[in-house]
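Read the structure below first, then the notes.
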Amino acid sequence: MRWILYLFSLLLVLGAGGVGVVAWGLYTYGQGLPEYSQLEDYEPPVVTRVHGGDGRLLAEYATERRVFIPINAMPKRVIKAFLSAEDKNFYNHPGVDFISLASAMVDNIRNYGTNRRPRGASTITQQVAKNFLLTNEVSIERKAKEAILAFRIERTLSKDRILELYLNEIYLGFGSYGVAAAALNYFDKSLDELTIAEAAFLAALPKAPNNYHPVRRREAAVTRRDWVIEQMGRNGFIAPSQVAEAKAQPLLVKPRSATEFVQAAYFTEEVRRELMERFGEKGVYGGGLSVRTTVDPRLQRIADAALRDGLMRYDRRHGWRGALHNIPVVAGWGDALADLEKPSGMLARWRMALVLVVERDKARIGFSDGGLGELPLAELKWAREWKENQSVGERVGRVGDVLAKGDVVLVEPIAENGEGEPYPVGSHALRQIPDVGGAILAMDPHTGRVLAMSGGWDYEMSEFNRATQARRQPGSAFKPFVYLAALDKGYTPATRILDAPFVIDQGAGLGKWKPANYTKKFYGPSAMRLGIEKSRNLMTVRLAQTIGMDQVTEYARRFGIVDSMPPQLSMSLGAGETTLMRMTTGYAMLVNGGKRVTPSLIDRVQDRNGRTVFRHDERPCEGCGASEWANAPVPKIPDPREQVADPTSAYQMVRMLEGVVKRGTGRRIAELGRPLAGKTGTTNDNVDTWFVGFAPDLVVGAYVGFDTPRTLGRRDTGSNVAAPLFKSFMAEALKNRPAIPFRAPPGIIHVRINSETGALARPGDKSVIQEVFKPGTEPTGESRVIDGGFAAGWSAPASDVGGGTVGGTPAVAGSGRGLY
């Protein structure tokens, strides 16, 4: 009996010692552990997705490409596979599985000295503790801390929450964080589409994804997968027949299908910047936001094509700037050509070619893959030598005028010439990346929603967005706001303005400012409408002088063109810098009846849980959420837009701009045969060119100019450089759409007048139009003439026309008196 007492005492001492060791370990390793309660509210970083107006994907932003799946949406098959592979007793242990731990110790002792990998016994809870709160350090201290944290986590979180964190956080190779991303990257499937064998393979990966690579280590991957399948069978998760069937399936990896993205790089970058301002980097790259934008993919394609086509047409008119490279035409030329870096901005359908032989009427060319082709002389005719100030050299008479043997050039396959006649197979056209910049922007004038934005030839070549970042002088495109200010003060489209020389003495040492018309001619008294249709500078300056530049600067601010414009007469001709976005928005407020709109790129943003965190349209809609509709009246949505101009004045301005298209500087657009209106803009020395215009429900702005300002050419203006972009866009955008006339506000009066004189139409007059007037302003006889400082005999109050003074507004700087 004594030995039993000794044994009992020994066990008691050892037990007490063990308890002491455990207590010491808990105290020692339990100090300063990370705060585990944060896991209760932990949200793993997930992908933010940006969608177009039709729901198609524009972009994805993420630091880790994870798709978060709530545990209640996780397929049971996937859960069972991971429990079988990692922790079959997960729902029964308190954080550490002592049974599995003891079994692992026995197996490891038994396998000691063999080449078998030691078996671990970490539970899913312990892996959560390690992945979220600890490091991957291999040490007893880390394992002890991991166990302590596992106990504490189990007391704080539910089993389902722990499993949810694990399945969405774990790294499974192929750049996959979480099981949903892994299913896509390995099998191009969603989780609920996975077979038993595929789910088992994913469950085989957590320990060491690279050791079970399905291609490089296929045999090990299949062995590990089959082991997981067997564990699922032993645990009763699948039937024996399913075990055999799953193991018989080959391990086939299918790369993830390429995600179709809407191509709108400039627009998307603007959206990203706005999201960064609102939600910060963490919110954008890990917040799992769902962003619905305003872009219309169809209109975006049209905008991109119109801009590229317009820039190419301009570039071809101004000659050939030379080959990309010149290399020897010797053996191995194909490899030398392949080694050359492709220029940024090269379109997908273009190829780099080497000129092998130059003949009089064609060049023989070769490609890096050994293919051959031809460049016919007809496709080189445009390539006259480029010269300073965008002029060109002599006409091209033979291929040698353009190309030399060894030249590396860009070409595009072509099947027929400009007359539709077929070319021989293998024919190509010479191409050149334009060095001019430009932008086109389309907007809904009633809401300010940006429907399309193309900010340059190619985003990869230049991220500079010429629609939003390029501040340029709008030139005559600003004039409508001068005329609108006058209309709001009681003038009419028939008011006559003197078109004659105008000189401002700017003060001592500053010289005189002498604005002139583009034609360098003077036309005498002319109707206000004619001043906008023909873009008469002198008429515009006199009108601005009459109504006062303070009024003009106020309208520039009110319409968002320029926030703080100097009250100088040159500003009335568009000397103040602005952007295409601002100009287009200003024109939107003309066609929508003079109501303020704010340009918007984002309609709505939802967080990862589907809760709306931003909405651009905040108007209430009482009754819109009704579950059923039974002959109830249609809900009325309030219109909170500020009225920034008299709607009748805005309509008069719209009709005057329609005259620009019908009879003025934008008349080439009239060929479309639709109600369209707009205005050209060209700055001094033809540096910047604009056309901004609209249909009743679509406003479009186009700009072309060099990033480093210089002349576009002696004869290149808004009418032949920017207006064709507008025309090309509208032709496609409005195709197969009904022609809608501009909407007139109540009370407008139509009167037949002579468009040149502004007088009532008489028998025999040729230039007769239906003019629009506000009630009480229609002409009754010969109108008087505005001469720059006063309007003799004009019926408006003197305060409305500058009090009868002359020279009250400085031209460029200082002050002076207006002469005419």
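The values are calculated or read from the model by the stated rules, or taken from the named source; none is laboratory data. Keep in mind it's a predicted model, so treat the numbers as computed, not measured. Here Cβ is always computed from backbone atoms with ideal geometry, including for glycine, and neighbour counts include all displayed protein chains. When the accessible area is computed, the model is the full protein with side chains, heavy atoms only, and any ligands, DNA or RNA have been set aside. Shrake-Rupley method; radii C 1.70, N 1.55, O 1.52, S 1.80 Å.
For the range 676-687, indicate whether the set of residues that are touching a strand residue (DSSP E or B) at 6+ places or on another chain (Cβ under 6 Å), in a helix (DSSP H, G or I), within 30 Å of Gln300 (Cβ to Cβ) and open to solvent by 20 Å² or more (accessible area, probe 1.4 Å) is non-empty. No, that holds for no residue. Restricting Arg384, Arg364 to those that are surrounded by 13 or more Cβ atoms within 10 Å (Cβ to Cβ), of a type outside the set (Asp, Glu) and closer than 19 Å to Pro328 by Cα reduces the list to Arg364.
Screening Gly586 against (1) in a loop (DSSP other than H, G, I, E, B); (2) under 26 Å from the mean Cα position of the chain (by Cα); (3) of a type outside the set (Asp, Glu) leaves a single unmet condition, (1).
Check whether at least one residue in the range 11-33 is closer than 18 Å to Ser158 by Cα, modelled with pLDDT under 90 and crowded, with 16+ Cβ neighbours inside 10 Å, and report yes or no. Spell out how you get there, then give the answer.
Pass one, the range 11-33, residues closer than 18 Å to Ser158 by Cα: none.
For the range 11-33, residues closer than 18 Å to Ser158 by Cα, modelled with pLDDT under 90 and crowded, with 16+ Cβ neighbours inside 10 Å: absent.
Checked against (1) out of contact with any Gly (no Cβ under 9 Å at 6 or more places or on another chain); (2) touching a residue at least 24 places away in the same chain (Cβ under 8 Å); (3) not aromatic (Phe, Trp, Tyr), Glu198 passes all but condition (2). Residues in the range 571-619 that are in contact with a His (Cβ under 7 Å, 6 or more places away or on another chain) and buried (at least 23 other Cβ atoms within 10 Å of the Cβ): 1 in all.
In the range 401-427, the qualifying residues are those that are open to solvent by 10 Å² or more (accessible area, probe 1.4 Å), in a strand (DSSP E or B) and at pLDDT 95 or above, and the one that is farthest from Arg292 (Cα to Cα) is Asp407. One residue is enough: does the range 295-311 have a residue meeting the conditions open to solvent by less than 40 Å² (accessible area, probe 1.4 Å) and either at pLDDT below 95 or farther than 30 Å from Lys735 by Cβ (or both)? Checked against the condition, which is being open to solvent by less than 40 Å² (accessible area, probe 1.4 Å) and either at pLDDT below 95 or farther than 30 Å from Lys735 by Cβ (or both), the range 295-311 yields no hits at all.
Scanning the range 154-211 for residues that are out of contact with any Lys or Arg (no Cβ under 7 Å at 6 or more places or on another chain), hydroxyl-bearing (Ser, Thr, Tyr) and within 22 Å of Phe90 (Cα to Cα) turns up Thr156, Ser158, Tyr166, Tyr171. Scanning the range 542-567 for residues that are under 20 Å from Met583 (Cβ atoms), in a helix (DSSP H, G or I) and among the β-branched types (Val, Ile, Thr) turns up Val552, Thr553.
Looking at this structure, is Val660 touching a Phe, Trp or Tyr at 6+ places or on another chain (Cβ under 9 Å) and under 23 Å from Phe481 (Cα atoms)? For Val660, the condition - touching a Phe, Trp or Tyr at 6+ places or on another chain (Cβ under 9 Å) and under 23 Å from Phe481 (Cα atoms) - is not met. Checking the stated criteria, Gln469 turns out to be at pLDDT 95 or above and not basic (Lys, Arg).
Every residue, every condition in (1) assigned to a strand (DSSP E or B); (2) under 25 Å from Gly456 (Cα atoms); (3) open to solvent by 60 Å² or more (accessible area, probe 1.4 Å); (4) free of Cβ contacts under 8 Å to residues at least 40 places away in the same chain, yes or no:
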| position | (1), (2), (3), (4) |
| --- | --- |
| Gly334 | no, no, no, yes |
| Leu337 | no, no, no, no |
| Leu354 | yes, no, no, no |
| Val357 | yes, no, yes, no |
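Take the conditions within 18 Å of His446 (Cβ to Cβ) and more than 29 Å from the chain's Cα centre (by Cα) and apply them to Pro647. Does it pass? Even if it seems obvious, please write down each step before you answer.
Working: within 18 Å of His446 (Cβ to Cβ): yes; more than 29 Å from the chain's Cα centre (by Cα): yes.
Considered against the rule, which asks whether it is within 18 Å of His446 (Cβ to Cβ) and more than 29 Å from the chain's Cα centre (by Cα), Pro647 comes out as yes.
One line per residue, one yes/no per condition, for (1) within 28 Å of Pro738 (Cα to Cα); (2) in a loop (DSSP other than H, G, I, E, B); (3) free of Cβ contacts under 8 Å to residues at least 24 places away in the same chain:
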residue: Cys621; (1), (2), (3): no, yes, yes
residue: Glu628; (1), (2), (3): no, yes, yes
residue: Pro633; (1), (2), (3): no, yes, yes
residue: Val660; (1), (2), (3): yes, no, no
residue: Val704; (1), (2), (3): no, no, no
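Filtering the range 727-766 to residues that are within 30 Å of Asn686 (Cβ to Cβ) and touching a residue at least 60 places away in the same chain (Cβ under 8 Å) leaves Ser728, Phe729, Met730, Glu732, Ala733, Leu734, Ser755, Glu756.
If I filter the range 642-673 down to residues being open to solvent by less than 70 Å² (accessible area, probe 1.4 Å) and of a type in the set (D, E, K, R), which single residue comes out as farthest from Trp690 (Cα to Cα)? Steps first, answer last, please.
The initial filter retains those residues of the range 642-673 that are open to solvent by less than 70 Å² (accessible area, probe 1.4 Å), namely 644-661, 664-666, 669-670, 672-673.
Those left that are additionally of a type in the set (D, E, K, R): 646, 655, 658.
Values: Asp646: 26, Arg655: 20, Glu658: 16 Å.
The selected residue is Asp646.
Take the residues in the range 367-381 that are buried (at least 18 other Cβ atoms within 10 Å of the Cβ) and among the charged types (D, E, K, R); name whichever of them is farthest from the chain's Cα centre (by Cα). Top of the filtered list is Glu374.
Listed by position, the strands (runs of 3 or more DSSP E) contained in the range 433-527 that have at least 2 residues being open to solvent by 10 Å² or more (accessible area, probe 1.4 Å) and within 24 Å of Asp685 (Cα to Cα) are 503-505.
Can we say Asp563 is at pLDDT below 95, under 30 Å from Glu277 (Cβ atoms) and open to solvent by 30 Å² or more (accessible area, probe 1.4 Å)? Before the answer, list the steps.
Working: at pLDDT below 95: yes; under 30 Å from Glu277 (Cβ atoms): yes; open to solvent by 30 Å² or more (accessible area, probe 1.4 Å): yes.
So Asp563 fits the description; yes.
Quick check on the range 528-539: of everything there that is over 12 Å from Gly664 (Cβ atoms) and among the hydrophobic types (A, V, I, L, M, F, W, C), which residue is surrounded by the most Cβ atoms within 10 Å (Cβ to Cβ)? Full working, then the answer.
If we filter the range 528-539 for residues that are over 12 Å from Gly664 (Cβ atoms), which is where we start, we get 528, 537-539.
Next cut, among the hydrophobic types (A, V, I, L, M, F, W, C) only: 528, 538-539.
Values: Met528: 26, Leu538: 25, Met539: 30.
Top of the filtered list is Met539.
Could you count how many residues in the range 735-777 are within 42 Å of the chain's Cα centre (by Cα), open to solvent by 60 Å² or more (accessible area, probe 1.4 Å) and of a type in the set (D, E, K, R)? Adding up the residues that qualify gives 3.
Does the range 178-185 contain at least one residue that is among the polar types (S, T, N, Q), farther than 24 Å from Arg65 by Cβ and open to solvent by 10 Å² or more (accessible area, probe 1.4 Å)?
Applying the first criterion (among the polar types (S, T, N, Q)) to the range 178-185 yields 185.
Going one step further and asking which of them are farther than 24 Å from Arg65 by Cβ, we end up with none.
No; the residues of the range 178-185 include none that is among the polar types (S, T, N, Q), farther than 24 Å from Arg65 by Cβ and open to solvent by 10 Å² or more (accessible area, probe 1.4 Å).
Scanning the range 169-197 for residues that are assigned to a helix (DSSP H, G or I) and among the β-branched types (Val, Ile, Thr) returns Val179, Ile196.
Report, by residue number, each residue of the range 212-252 that is open to solvent by less than 60 Å² (accessible area, probe 1.4 Å) and either of a type in the set (S, T, N, Q) or modelled with pLDDT under 90 (or both). Scanning the range 212-252 gives Gln231, Asn235. Quick check on Glu394: is it in contact (Cβ under 8 Å) with a residue 60 or more places away in the chain, surrounded by fewer than 16 Cβ atoms within 10 Å (Cβ to Cβ) and over 21 Å from Met461 (Cα atoms)? So Glu394 does not fit the description; no.
Which one is nearest to Ile148 (Cα to Cα) among residues in the range 34-64 that are at pLDDT below 85 and open to solvent by 80 Å² or more (accessible area, probe 1.4 Å)? The residue in question is Glu35.
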